[in-house]
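Written below as structure tokens is the structure these notes are about.
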Amino acid sequence: MDETIKVRPIQKTDWDATLKGFPSDRVEQLLAVYGNDGELVGAICESAIDHKYYINGQPDNGYASLQAAATALLQSQN
């Protein structure tokens, strides 16, 4: 069964407090991901360099799409 999530942009002024492994000048966008219960699950950032998506601002694993990153983020919570 698919889980409903909400993805919302994080204000650029809050990026430095949210990002852990990326300098904010290398980020195209930063998105907050909320589960179907409305609780914050994590954040996904899009790199301005390689246009891959990274979970919680950590550059360890890059995902080719927002959907792939969101799926991995949700699976890591279970």
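The values are calculated or read from the model by the stated rules, or taken from the named source; none is laboratory data. Everything numeric in this text was worked out from a predicted model, so none of it was measured. Quick reminder, even Gly has a Cβ in these numbers, built from the backbone with ideal geometry, and neighbours come from all protein chains shown.
The rows are residues; the columns are (1) surrounded by fewer than 18 Cβ atoms within 10 Å (Cβ to Cβ); (2) on the phi > 0 side of the Ramachandran plot; (3) more than 11 Å from the chain's Cα centre (by Cα); (4) assigned to a helix (DSSP H, G or I).
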position: ASP37; (1), (2), (3), (4): yes, no, yes, no
position: VAL41; (1), (2), (3), (4): no, no, no, no
position: ALA70; (1), (2), (3), (4): no, no, no, yes
position: SER76; (1), (2), (3), (4): yes, no, yes, yes
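Being polar (S, T, N, Q), farther than 16 Å from THR4 by Cβ and assigned to a strand (DSSP E or B): is that true of GLN58 here?
Details: polar (S, T, N, Q): yes; farther than 16 Å from THR4 by Cβ: yes; assigned to a strand (DSSP E or B): no.
The answer is no for GLN58.
Scan ASP25, ASP16, ASP60, ASP37 and give me the residue that is in contact with a Ser or Thr (Cβ under 6 Å, 6 or more places away or on another chain) and not polar (S, T, N, Q).
ASP16
With respect to the conditions (1) modelled with pLDDT of 90 or more; (2) polar (S, T, N, Q); (3) crowded, with 18+ Cβ neighbours inside 10 Å, THR18 lacks only one, and its number is (1).
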